[in-house]
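Trainee: Right, I'll just put the structure down here and ask away after.
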Amino acid sequence: MQTPFIIEQTDAQLIGSKADITYEISFEHATRHCISIRMIIAKNTSTTIIAKSPVWIPGSYKVRDMNAHQHAIRIHDVNGTPLEWKWLAKHVMEIHNPTQSDIVIAYEYYANDRGVRTSHVNRNHAFIMPVACLMYVEGRMEEIHHVKIDTRHTEWNNISTALSPITPDNNQQPTIFGALNYHILIDSPIEIGNHRSTYFDIAGSKHEIVLIGNESVDMEWIKGEIKRAVEIQYQFWGDLPYDRYVFFLMIGEGLRGGLEHLRCNVSAVDPSAFLDRSSAQGMMALLVHEFFHTWNVKRIRPIELGPFNYEQENYTRMLWLAEGWTSYYDDLLSYRSGFYSRDEYLSVLAQAHLGKLARVQGRFSMSLKDSSFLAWTKLYTMSPDQHNQFPSYYTKGGIVALLLDILIIVKSGGKHKLEHALRAMWEQYKIDGQRGFTEDDVIAIIETTCNVSIKQEFDAWHNGVEELPYQSIFDHIGLEWKEHQAHTPQEWYGDYRPFHPKNPQVFFGCVISEDHGRLFVREVEKDSPADKAGIGIDDEIIAVNGKRVNTRTMLINALQSHGSKQPAQLIAQCDGRMYETSVHLIPAMLFTLKISDTISGEQEHLLDYWLNA
């Protein structure tokens with residue numbers, strides 16, 4: 001009989017619980033970025049114990065050497081007697097325990113990587129990603145696991161985690177938290193330090209916002225924005241699937257990205273997110289995205305994503321559901337939350353979604369489902385040429401969700417939306433959370449719930465490599481999708497003196513990095529002017545039309561000033577050998593999605609139904 005895959009947990013379930021697998025975590029060497037870990041395994045019934053480290057993180061589809069920073073390993077019984085052990089694989093150890101006694105696996109873990117998937121500790125704080133540093137016992141993953149956190153070697157006063165406290169008064173030392181099983185344990189990050197937190201309640205569920213970083217942030221403002229986002233998603237789904245939830249918000253120079261968990265998420269942003277309006281909108285869209293995952297992927301999941309095999313790739317062709325649909329709804333629900341105006345939302349769709357995919361030549365080479373299946377070697381193994389090889393299931397998956405949503409609205413005569421199917425999937429999960437969803441399940445739920453036929457379009461858009469039918473879909477709701485060449489309107493001095501004409505914005509087709517006064521090509525778009533001129537990845541651009549360029553601004557200005565009427569002459573080098581080439585720049589393509597000036601009453605009705613909750 002298969003063991004139930006339990007991922008739901010409330011704090012009340014762990015109060016007063018006991019565990020036979022316990023981790024003791026302390027920070028004697030925090031200044032060396034080291035976490036001290038003791039894993040105590042009790043009630044052993046075999047003379048051989050297999051302990052393993054996961055090789056990937058749910059939500060991040062790449063095999064990683066996460067135990068690479070594990071060192072100073074000592075294994076003994078509870079009396080201190082050393083036990084024989086050996087590595088069976090880079091992440092697997094075999095321990096001989098002839099007396100079947102309780103055993104201790106003690107080790108240090110070097111944690112000096114700030115990010116949403118990694119652990120970091122110094123004299124000021126510790127952020128622990130359990131999946132990266134806590135091992136598991138083969139055959140005993142479904143047991144209750146406890147974590148004892150000892151901060152007596154520090155001056156830290158706060159602990160924030162989605163793990164559940166074991167005692168009602170959690171001020172004892174060490175502080176003990178727990179999980180019903182290993183799956184929940186490793187999906188529950190921990191922040192320890194003197195961080196700032198703020199709280200709010202919605203529908204009887206408690207929410208905590210944890211700020212990780214030294215930036216000055218208006219806590220009341222960020223609480224109000226996140227609370228608004230939670231309220232909108234509560235209305236969207238109809239209920240909240242947890243008793244308590246934690247928003248971990250990392251703030252630091254160059255930080256970006258997010259990772260979803262069952263009862264929390266970790267999002268990372270640059271400090272500019274609190275200084276610049278458009279950056280703040282991007283931050284809120286990120287938070288909306290990760291919170292939406294609380295339902296979509298953590299619970300409404302592709303059938304292959306749970307129970308997990310932590311030792312190898314878990315392939316699925318359905319990341320268009322997990323990430324693509326979430327990428328569609330993050331901006332739509334940001335709009336409904338008031339973070340975008342209607343025009344801003346349409347502009348985001350045009351530029352950050354449709355326009356972004358238009359620059360990905362790989363959309364003609366690989367289907368959306370294959371992009372999902374190969375995520376382990378494609379999206380998570382970054383290549384400078386990746387946009388020419390495949391489309392991201394985030395970007396194209398989100399656009400397909402947009403088209404599906406409008407298609408459903410049109411075919412149902414403005415009575416149903418894609419979100420109705422999502423809510424039906426959520427209700428089905430609540431009845432039977434043990435089983436994930438297949439592609440056929442998704443199609444059947446859409447067609448049954450929304451009373452429409454969409455299988456033909458669904459199959460074509462997910463399996464094909466042809467251009468998606470944007471305008472034929474947008475026509476139904478009075479939207480105009482346009483790709484057009486850039487042009488520069490005439491500017492004037494005062495009321496009547498013409499300013500000299502400028503060249504329209506030009507397109508080069510390269511991503512350029514600036515390194516100590518040198519310019520290097522990092523990406524080249526297939527069939528772009530740069531590609532046709534023979535410019536390659538890692539080449540250095542030295543001069544344009546005989547003039548030295550050593551900043552991106554100088555390069556852009558030189559190309560822009562030259563314009564697209566005549567080829568520009570470039571000097572570059574590859575592997576230390578200089579070469580010259582001619583680049584025929586072309587006017588840049590601009591992307592817009594606007595409401596038609598001739599929109600009909602029926603089109604406007606369907607448009608309003610789409611955009612309004």
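Trainee: PRE reach from I537 (point 7 Å along Cα→Cβ): which of segment 342-379 fall under 14 Å by backbone N?
Mentor: 361-362, 378-379
Trainee: From Cα coordinates alone, what are the radius of gyration and Dmax values for segment 150-246 in angstrom?
Mentor: 15.0, 45
Trainee: Further question on the same structure: Strictly greater than 21 Å: what percent of every Cα pair in segment 440-555 meets that?
Mentor: So the pairs more than 21 Å apart make up 67 percent of the total in segment 440-555.
Trainee: Where does helix 219-237 land angle-wise versus the long Cα axis of the chain, in degrees 0 to 90, nearest 10?
Mentor: That works out to roughly 90 degrees.
Trainee: For E467, E419, what's the fewest-to-most ordering of other Cβ within 10 Å of each Cβ?
Mentor: Going from least to most buried by this count: E467, E419.
Trainee: Would you mind putting 265-273, 230-238 in packing order, based on average other-beta-carbon counts within 10 Å, highest first?
Mentor: Taking the mean over residues of other Cβ atoms within 10 Å, the ranking is 265-273, 230-238.
Trainee: State, to one decimal in nm, how far the label point of K594 lies from the label point of S365, with both points 7 Å from Cα in the Cβ direction.
Mentor: The two pseudo-label positions are separated by 3.5 nm.
Trainee: Kindly put R577, R196, R336, R363 in sequence by how many other C-beta atoms sit within 10 Å of each C-beta, fewest to most.
Mentor: R577, R196, R336, R363
Trainee: Bin by bin, in steps of 5 Å, what percent of the Cα pairs in segment 68-217 do you find, going until the bin that has the longest distance?
Mentor: 2, 7, 14, 18, 21, 16, 10, 5, 3, 2, 0, 0
Trainee: Give the shape of segment 324-384 as rounded, prolate or oblate, defined through the alpha-carbon gyration tensor: a ≥ b ≥ c are the square roots of its eigenvalues, a/c under 1.5 means rounded, and otherwise the shape is prolate if a/b is larger than b/c and oblate if not.
Mentor: Cα axes put segment 324-384 in the prolate bin.
Trainee: Is there a quick way to get the dipole size of segment 239-354? I mean about its Cα centre, with the Cβ of Lys and Arg at +1 and of Asp and Glu at -1; what is the value in debye to the nearest 20?
Mentor: With Lys and Arg at +1 and Asp and Glu at -1, about 280 debye.
Trainee: Mind listing which trypsin sites (Lys or Arg not before Pro) in segment 97-159 are in a DSSP loop and have 16 or fewer other Cβ atoms within 10 Å?
Mentor: Sites meeting the loop and neighbour criteria: R123, R152.
Trainee: Quick check on the exposure proxy: order T81, T167 from fewest to most C-beta atoms within 10 angstrom.
Mentor: Fewest-to-most Cβ neighbours within 10 Å comes out as T81, T167.
Trainee: Please report how far the C-alpha centroid of segment 14-42 lies from that of segment 74-127, rounded to the nearest whole angstrom.
Mentor: Between the Cα centre of segment 14-42 and that of segment 74-127, the gap is 10 Å.
Trainee: Sticking with this structure for a sec: Two decimals is fine: what's Rg over Rh for segment 304-468, C-alpha atoms, Kirkwood radius as Rh?
Mentor: Looking at segment 304-468, the ratio lands at 0.97.
Trainee: Here is a further query. What per residue convex hull volume, in Å³, comes out for the chain when only alpha-carbon positions are used?
Mentor: Residue-normalised Cα hull volume stands at 189 Å³.
Trainee: Three principal axis extents, largest first, for the C-alpha atoms of segment 196-294, in Å?
Mentor: For segment 196-294, the Cα extents along the three principal axes come out at 36, 22, 22 Å.
Trainee: Report, in debye and to the nearest 20, how large the dipole of the chain comes out about its Cα centre when Lys and Arg carry +1 and Asp and Glu carry -1 on their Cβ.
Mentor: Dipole of the chain, to the nearest 20 debye: 700 debye.
Read-outs: derived from the displayed coordinates by stated rules, not from any lab. Just so you know, these numbers come straight off a predicted model, no measurement behind them. Here Cβ is always computed from backbone atoms with ideal geometry, including for glycine, and neighbour counts include all displayed protein chains.
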